[in-house]
Amino acid sequence: MSESAHDSSPEMIEPAVVPPRDGRIVILTGAGISKESGLDTFRDADGIWSKVRIEDVATPEAFARDPEKVHAFYNMRRALNKTRKILPNFAHAALSHLEAAWPGEVLIVTQNVDTLHEQAGSKNLLHMHGVHAKARCNFCENVVDWSGDMSTGDECAGCGRAGGMRPHVVWFGEMPLEMDRISWALSNCDLFISIGTSGNVYPAAGFVAMIRRNGTAHTVELNLEPSAGASMFEESHYGPASQIVPAYVKGLLAGA
Ligand code: BV8
């Protein structure tokens, strides 16, 4: 039975369960945690997928069919991130503080391709859908930092060939990154917290079900509103991430 609470701007949230002091915490984040930093989400009314079709810009087939159209989509998003002053918000900062203050291991598995968790100081972090500010060569798999525009004319610094550079992000139909490490972490954690994700994209959306089936972790959803997987969580708190994440982290550390 989920213990849901509607805390919109709490000082501190009392967690229903506090894991043992050496407990492992796995935190899944999605676009909602970056919304208050000024980044668009995907499925909110004004989200990214309301402006372009996934099939046209975020699949390997789209890239094979019209690479310049896909490059234009990611170039536009990179340019937007540069023009807007995109900085971590209180939610990112709270998770970085939790990693530093919690006696056990804290692992962030983010679906986000931004680097706001790193900028907030989080170290133990996996980008399962890749990173916007990196490029990968389709020929030699070399991964490099990339902040400007990208086109089919760009050459790979690794193999020197042109025409193979692509954004180092995971498109639909592609295997997310570091899945073995993520599966191990999910099977061996004491607390699973999902923050700012609509629970629509797999396999991330299936993590909570996996834990409920074969794990012992307590499961918590922190989101603006109930996600598609809300009923799977034993505990949930709703409100803007920049308010409920720091409040929840404060409660967790107070109970540790
Ligand atoms: C794969 C990178 C397998 C690109 C992205 C079942 C099992 C396995 C696969 C599937 C399956 N069913 C369907 C599939 C296929 C597919 C899929 O899930 N499709 C969906 C649409 C049904 N999955 C895949 O293709 C994945 N690959 O499964 O491979 C495989 C097996 C063998 C061999 C080869 C392959 C790959 C998926 C990754 C796609 N790439 N992004 C880019 O960024 O351009 S996905 C994209 O969606 C982003 O990564 C994003 O992070 C992710 C999830 O979205 P959310 O983060 O949740 O964002 P969203 O807008 O949806 O929600 C925001 C939430 O925040 C909302 O709930 C909102 O209320 C909340 N919010 C808003 N404001 C705030 C807030 N919360 C708090 N505070 C606020 N202020």
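Bear in mind these aren't lab numbers, they're just calculated from the coordinates by the rules spelled out. For clarity, every value in this text was computed on a predicted model and none was experimentally measured. We place every Cβ from the backbone using ideal geometry, glycine too, and count neighbours over all the protein chains shown.
Per-structure values
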item	result
Dipole of the chain, positive end: most advanced residue of 63, 242, 171 [Cβ charges, Cα centre]	63
Fluctuation leader among 205, 31, 79 - the chain, Gaussian network, Cα springs under 10 angstrom	79
DSSP-defined antiparallel bridges as percent of all bridges, region 181-252, nearest 5	0 percent
Label point distance in nm, residue 12-residue 172, each placed 7 Å from Cα along Cα→Cβ	4.4 nm
Inter-site label distance for residue 147 and residue 209 at 7 Å from Cα along Cβ, in nm	4.2 nm
Percentage relative contact order, the chain, counting C-alpha pairs under 8 Å, at least six apart	30 percent
Out-of-range pairs (alpha-carbon distance over 23 Å; input 35/82; 51/123; 85/250; 51/82; 85/134)	51/123; 85/250
Net charge contributed by nearby residues that have their C-beta within less than 13 Å of residue 120 (K/R +1, D/E -1)	-3
Over the chain: helical MRE at 222 nm, DSSP H runs n ≥ 4 each giving -39500 (n - 2.57), nearest 500	-8500 deg cm²/dmol
Dipole of region 1-152 [Lys/Arg +1, Asp/Glu -1 at C-beta], most positive-end residue of 42, 152, 83	152
Given charges at beta-carbon only (K, R positive; D, E negative), |dipole| of region 173-240 in Debye	140 debye
Label-to-label distance, nm, for residues given as residue 162 and residue 124 (7 Å Cα→Cβ offset)	4.6 nm
Electrostatic dipole magnitude of region 15-114 [Cβ: Lys, Arg +1; Asp, Glu -1; Cα centre; debye, to 20]	240 debye
Sequence ranges 172-185, 191-204, ranked by mean other-Cβ count within 10 angstrom, highest first	191-204, 172-185
For a label point 7 Å along the Cα-to-beta-carbon line of residue 87, residues of region 29-67 with backbone N under 13 Å	37-38
Length gained when the stretch residue 253-residue 22 is fully extended (0.36 nm per residue, less Cα-Cα span)	81.9 nm
Cβ charges +1 (Lys, Arg) and -1 (Asp, Glu), total dipole of the chain, debye	440 debye
11 Å beta-carbon shell around residue 40, net charge (K/R +1, D/E -1)	+2
Antiparallel DSSP beta bridges within the chain, percent to nearest 5	25 percent
Two-site FRET efficiency, residue 179 against residue 76, from Cβ-Cβ distance with R₀ of 30 Å, rounded to 0.05	0.55
